[in-house]
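Here's the structure, in structure tokens; my notes come after.
The values are calculated or read from the model by the stated rules, or taken from the named source; none is laboratory data. Treat the numbers as computed from the prediction; the structure is a model and nothing was measured. Here the Cβ positions follow ideal geometry from the backbone for every residue, glycine too, while neighbour counts run over all protein chains shown. Areas reflect the complete protein model, heavy atoms only, side chains present, ligands, DNA and RNA absent. Shrake-Rupley method; radii C 1.70, N 1.55, O 1.52, S 1.80 Å.
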Amino acid sequence: MRHFKLFAGIALVCLLWGATAMGGPPLLTDDPDTPGPNHWEINTGITSLDAYHEWIIGTPIADINYGVGDHIQLKYQVQYEVGVPEHGGLLAGNGNSLAGIKWRFIDQTNWSWLEVSTYPQVVFVYPTSSIRRGLASGGDNLLLPIEVEHQWKGLTVYAEGGYQWNEFGPMQGWFGLAGEYELSEKFSLMGEFYGGYDRDFQNSGMSFNLGFSRTLTEHIALIGSAGRGIYGPPSRAPTFQSYLALRLTF
């Protein structure tokens, strides 16, 4: 049971890592940006987390995003996961899938200092055998976040906070604060602090990540990040976490 809870918690973190386009991957914190009218953005890559010598690897991850108008983003994500317990054999199977819609209802203009969006998402799993093996969280999950952002010339700062309702479990919350600095037209550096908590603010934890984005061609970029937990249980503060993917835009 301890291994099941640990793997299920980490599996959901793996899913959230790929949960958005633009300001999400390679970080966990998302921002209000959307791909743009009739534009696609697809992130495909690998995540890894080490929680006290128990690894879970998400590969391949297919994070598919589509822009509807200037302010709406549709997304669907699916991934395959491999669990490596400290003792015992490998576990492999489909992880949680996610479907959502982002709506940016405030743009940064002369009258508004911030961009603001909301991003409802539903997390589910098929087949359900992945739940029994601890590769996916049980029950359907509803995520209700809010994102805010402010942009300067080369610096973007954004934050996200929200709640997660599980069909069978207690409500949980999460928050993130991130920044991205554009060193050149093709290369950006970024970092974040990301945390979560259960109801009544129990089992809280926080981690940090440092990331980059490197444009390779007009439609392809290499994105990645790595970090570790600062405090809290292993499902919220892994010993090590990483993300590496190709971002395709067209």
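Looking at SER137, SER112, just one residue is closer than 28 Å to ASN38 by Cα, hydroxyl-bearing (Ser, Thr, Tyr) and open to solvent by less than 50 Å² (accessible area, probe 1.4 Å), and that residue is SER112.
One line per residue, one yes/no per condition, for (1) modelled with pLDDT under 95; (2) surrounded by 19 or more Cβ atoms within 10 Å (Cβ to Cβ); (3) not acidic (Asp, Glu):
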{"site": "PHE4", "(1), (2), (3)": "yes, no, yes"}
{"site": "ASN38", "(1), (2), (3)": "no, no, yes"}
{"site": "THR47", "(1), (2), (3)": "yes, yes, yes"}
{"site": "ALA51", "(1), (2), (3)": "yes, yes, yes"}
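Scanning region 53-105 for residues being modelled with pLDDT under 90 and either open to solvent by 40 Å² or more (accessible area, probe 1.4 Å) or of a type in the set (Ser, Thr, Tyr) (or both) gives a total of 16. Criterion applied to SER225, SER235, SER188 was being among the polar types (S, T, N, Q) and assigned to a loop (DSSP other than H, G, I, E, B), and the one residue passing it is SER235. Here is the figure for region 161-189: residues that are open to solvent by less than 70 Å² (accessible area, probe 1.4 Å), of a type in the set (A, V, I, L, M) and more than 14 Å from the chain's Cα centre (by Cα) total 1. The listed residues are TYR126, TYR52, and the only one of them that is in contact (Cβ under 8 Å) with a residue 40 or more places away in the chain and part of a loop (DSSP other than H, G, I, E, B) turns out to be TYR52. Among the conditions (1) crowded, with 19+ Cβ neighbours inside 10 Å; (2) within 18 Å of ASP63 (Cβ to Cβ), GLY229 misses just one, which is (2).
Can you go through ALA62, ALA92 and tell me which one is among the hydrophobic types (A, V, I, L, M, F, W, C) and within 19 Å of ILE220 (Cα to Cα)? Result of the check over ALA62, ALA92: ALA62. For region 238-247, the set of residues classified as surrounded by 15 or more Cβ atoms within 10 Å (Cβ to Cβ) and either small (Gly, Ala, Ser) or in a strand (DSSP E or B) (or both) consists of GLN241, SER242, TYR243, LEU244, ALA245, ARG247, listed by residue number. So how many residues does region 146-160 have that are in contact (Cβ under 8 Å) with a residue 24 or more places away in the chain, open to solvent by 20 Å² or more (accessible area, probe 1.4 Å) and either in a loop (DSSP other than H, G, I, E, B) or out of contact with any Gly (no Cβ under 8 Å at 6 or more places or on another chain) (or both)? Total meeting the criteria: 3. For region 190-213, indicate whether the set of residues that are buried (at least 16 other Cβ atoms within 10 Å of the Cβ), more than 18 Å from GLU160 (Cα to Cα) and touching a Leu at 6+ places or on another chain (Cβ under 9 Å) is non-empty. Yes, some residue in region 190-213 is buried (at least 16 other Cβ atoms within 10 Å of the Cβ), more than 18 Å from GLU160 (Cα to Cα) and touching a Leu at 6+ places or on another chain (Cβ under 9 Å).
Here is a yes/no grid of residues against (1) in contact with an Asp or Glu (Cβ under 7 Å, 6 or more places away or on another chain); (2) touching a residue at least 60 places away in the same chain (Cβ under 8 Å):
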| position | (1), (2) |
| --- | --- |
| TYR80 | no, no |
| GLU86 | yes, no |
| GLY100 | no, yes |
| TRP111 | no, no |
| PRO120 | no, no |
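Here's the yes/no breakdown for (1) at positive phi; (2) at pLDDT below 95:
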{"site": "ASN166", "(1), (2)": "no, yes"}
{"site": "GLY169", "(1), (2)": "no, yes"}
{"site": "TRP174", "(1), (2)": "no, yes"}
{"site": "ALA178", "(1), (2)": "no, no"}
{"site": "PHE201", "(1), (2)": "yes, yes"}
{"site": "PRO233", "(1), (2)": "no, yes"}
{"site": "PRO238", "(1), (2)": "no, yes"}
{"site": "GLN241", "(1), (2)": "no, yes"}
{"site": "THR249", "(1), (2)": "no, no"}
